[in-house]
1. Which of 12/398; 226/340; 240/271; 165/185; 78/271 have a Cα-Cα distance over 20 Å?
2. Provide, as a two-decimal number, the C-alpha radius of gyration of the stretch 182-303 over 2.2 N^0.38 Å, N being how many residues it has.
3. Where does the stretch 208-251 land on the Kirkwood hydrodynamic radius, alpha-carbon pairs, in angstrom?
4. Given a Förster distance of 25 Å, report the FRET efficiency between residue 321 and residue 149 from their Cβ-Cβ distance, rounded to the nearest 0.05.
5. So how far apart, in nm, are the two label points at residue 163 and residue 75 if each is 7 Å from Cα heading toward Cβ?
6. Counting only helical runs of four or more DSSP H residues, what would the 222 nm mean residue ellipticity of the chain come to if each run contributes -39,500 (n - 2.57) and the total is spread over all its residues?
7. Based on a Kirkwood Rh over C-alpha pairs, give the Stokes-Einstein translational diffusion coefficient of the stretch 270-414 at 4 °C and viscosity 1.567 mPa s in µm²/s.
8. So how much slack lies between residue 61 and residue 413, counting 0.36 nm per residue of separation and subtracting their Cα-Cα distance, in nm?
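Derivation of every value follows stated rules applied to the coordinates shown; laboratory data play no part. On a predicted model such as this, the values are computed, not experimentally measured, just so you know. All Cβ positions, glycine included, derive from the backbone under ideal geometry; neighbour counts span all protein chains shown.
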Amino acid sequence: MNLQSRDPEIAKIIAAEERRLREEIVLIASENYASRAVLEATGSVLTNKYAEGYPGRRYYAGTENVDAAESLAIERAKQLFEGAEHVNVQPHSGSQANMAAYFAALEPGDRVMGMSLDHGGHLTHGSPVNFSGRIYDFVHYQLDEESELIDYDAVERMAQELQPKIIVSGYSAYSRTIDFERFGKIAENVGAIHLADMAHIAGLVAGGEHPSPVQHAEIVTTTTHKTLRGPRGAMAITSKDWARKYDSAVFPRMQGGPMEHTIAAKAVAFKEALSNDFKQYAKNIVDNASALAEAMAASGMRIVSGGTDNHLMLVDLRAMNVSGAEAEIRLRSVGIVANKNMVPFDPNPPRVTSGVRIGVPSITSRGMGTSDMETVAEMIVASLRVDDESTEQRNLAKRVKDFATSFPVPGIDS
Ligand code: DSN
């Protein structure tokens, strides 16, 4: 029995979500559209199988098919990220991929250094409300106040002074190229492990648009659903020396049965990411982000650090006297989806914020190009300026919907 007949309520919700995805402009930097092939693998019978352990070393019988899928995912990930010595495709999420890295390398109370959340780090980089900040002794580096860039010399001084066991690089809201090589050297000089969390930029790394951390970090973690455009999930790449410790931190220490349907979908996404089309996609992301940032700046918006080298930008709204929370509402009311975000040294609390984070992976997947970015910027800026239900707002909403629906949504329309 298909979903529509078995459960019309859920079928209706899914149809509504498809409509939303078609009609809205999604600018959430961490979202994307998985292809139909990825969705098909995710929704396959592989969801039925228990397979605790790793290919060839399982605690269940009947695993030959999921062994084949998981081995393929590992092989393809190694091809995709040059120099990868060991790959684990089992972490269910980016948070769990990071948790396993800490479990592999640390004891409770050990010191770790990461970027603070309000400067672009992730919850799992030591936020006090997250397991990482509760279990480990996190110390945080910040961006340089003037340039709003990472000050690598300051990071090095801090590492020398505080002697962390792990230094975390990789961020959720940093729009500039990360010097992973420098992070690797800083970590090496203080005897720390370098953990590179490349979740946001993995697709750019795979497509050759951002330097790879793989040769410069003992452990690299990433989600698979952001710029990499796969299913919701994660993976880790480790050096040979960390392979066993990382694997046993994932299973049996942290997780039980791996989600083999998602792992098969990761394999499909890696195959897609190995194509020339994906390389072009990664380049288009960077070109679009840069064109959008320029168009926004030309309309008087302040872009944190003055621009972007990757897939996202942070817009500082303080001069407009609009909070990030209010901006999120104004954008959404015309069908533009973006999220409020702290800007460096933000005077506002996290639920309010002074900025909005804008990313282009989704609109680039829909086929929008640099020539469309002026239109997108115009719609963003106009909607940020409309603060009430008005004819202007209704006209803008219609414009957004007409524009959005003229581009197909991968996984639904193509
Ligand atoms: N929550 C994700 C983001 O939106 O950046 C990171 O995991």
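1. Distance filter (> 20 Å) returns 12/398; 240/271.
2. Ratio of Cα Rg to 2.2 N^0.38 Å: 1.26.
3. 11.6 Å
4. 0.45
5. 4.7 nm
6. -13000 deg cm²/dmol
7. Estimated via Stokes-Einstein, D reaches 82 µm²/s.
8. Extra length from residue 61 to residue 413 when fully extended: 122.8 nm.
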